[in-house]
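Just below is one structure, and these are the notes that go with it.
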Amino acid sequence: MNTDSIISGGLTKAWGLREAPSGMNLDFVNADFTEGYSLKRGRHGVRDLRDVILEVALAVHQSPKFKRVVVLLLAGRVSASRVRQEWKQACEVLLPSVRQRMALIALVDGKLVTEPAMPDLALMGETLKSLTLSDAPVPGTWARLDAHVKSIDAIDSEESLPRTASGAVTWRGMEIEKILVRRWMLKEEPIHRKVLAQQVGCSMPTLTGYLQRLKGEGLLARGRSVALKMYPRERWEELQRMWTLMDEPVRFWDPTGEGTVEGLLAQMKRRMPDGVAVGGVVAARWWDPHFNLNGTPRLDLVVHAPEARGRSQTADLGFVRRLDPALRLQGAGGEARGQAALLVVHRLRRNKAMFTKAAGEVMEIADPVETILELQDMGLTAQAGELLARLRPEETIA
């Protein structure tokens with residue numbers, strides 16, 4: 001079986017695609033003809049890449065019923081950063097109605113590039129990558145979870161560092177700030193720099209550089225040890241943006257419609273997975289017994305999967321299947337878009353998890369910073385502000 005047959009057969013099987021009708025200028029379409037896919041092989045230079053973008057843009061323009069057309073590009077002799085640059089520059093000159101419906105999954109000498117950086121594109125990219133390396137069967141949804149997390153790790157490279165009002169930020173810088181905000185919220189004593197670096201899992205130069213940034217913004221208190229003296233509303237907004245860009249949570253939905261947050265919590269209490277804490281609304285009620293919200297819209301879990309010796313430690317998501325085998329990964333193959341997620345799993349990269357467990361309790365609770373970020377991710381900004389006000393009555397983020 002040749003490589004083209006392996007890729008075509010694998011994609012149609014894994015993602016429910018079919019060959020596009022003749023004359024459509026695409027290779028695959030999904031079942032309801034809302035998405036198209038164009039597979040481009042053997043394109044090596046920048047000029048070839050521009051031709052590909054123009055060709056697909058024309059197909060998008062001629063097919064207004066498509067919500068998205070994805071370019072699957074297998075290229076060589078051009079860097080991943082150049083592919084990303086050319087894609088962005090080409091899209092800038094296209095009509096908004098065209099560029100907003102275009103996406104790219106490129107495999108450049110074994111390196112994955114996705115534009116925009118969306119979880120479902122990264123997941124499909126890993127499937128495409130596996131198909132080009134062997135003729136092994138395409139793994140199912142659950143077996144693809146580790147590949148999904150690894151693809152998220154790959155996004156955290158120097159080429160794609162999130163930018164905030166104060167410049168580019170790595171996950172280590174974000175974790176430095178989150179630990180300091182946690183200590184500020186809980187009114188803990190200043191922390192020694194070496195201890196802080198150990199808790200994050202970063203070098204002293206990295207720590208010093210980020211502290212200098214915070215100091216320049218007037219956020220640090222004076223002293224040999226480190227503490228925040230303030231954390232204004234606009235800084236919460238920037239932290240939220242950092243977290244949103246770097247977190248890339250894994251979202252699950254229940255196609256049967258029978259699953260509930262209460263049922264998942266009951267399973268958690270029976271067998272709490274190691275290194276997993278409850279966040280979101282459930283954690284908010286733990287931190288604030290007066291938390292004002294009827295019902296629990298979804299269950300947020302935080303998985304402690306720290307970086308290890310410069311290499312990413314893959315988060316083990318197998319426990320999700322044990323919680324409820326009916327849950328399915330949201331966004332896979334275009335599935336469940338617009339459906340509310342029942343379970344959302346976040347990754348915590350720093351060395352020390354800082355989870356909390358009350359005496360006699362089975363479940364561990366995520367720290368209040370993670371909890372507030374997850375509340376705001378759900379659109380519960382008022383409730384997030386109320387939680388902060390309980391812990392720091394003089395502050396507000398609402």
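The values are calculated or read from the model by the stated rules, or taken from the named source; none is laboratory data. Only a predicted model underlies this, so the values are computations on that prediction, with no experimental measurement involved. Quick reminder, even Gly has a Cβ in these numbers, built from the backbone with ideal geometry, and neighbours come from all protein chains shown.
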Practice item. Kindly establish whether GLN212 is modelled with pLDDT of 90 or more and loosely packed, with under 14 Cβ neighbours inside 10 Å. Key: yes
Check your understanding: Which residues, taken from the range 276-295, are within 26 Å of the chain's Cα centre (by Cα) and at pLDDT 90 or above?
Key -> VAL276, ALA277, VAL278, GLY279, GLY280, VAL281, VAL282, ALA283, ALA284, ARG285, TRP286, TRP287
Point to revise | All positions within the range 90-120 that are in a helix (DSSP H, G or I) and out of contact with any helix residue (DSSP H, G or I) (no Cβ under 9 Å at 6 or more places or on another chain) | key: PRO96
Check your understanding: Of all residues in the range 331-349, how many are modelled with pLDDT of 75 or more and surrounded by fewer than 21 Cβ atoms within 10 Å (Cβ to Cβ)?
Key -> 1
Practice item. State yes or no: is SER81 polar (S, T, N, Q) and more than 24 Å from the chain's Cα centre (by Cα)? Key: no
Exercise for review: Determine, yes or no, whether ASP300 is surrounded by 13 or more Cβ atoms within 10 Å (Cβ to Cβ), modelled with pLDDT under 85 and under 25 Å from MET378 (Cβ atoms).
Suggested key: no
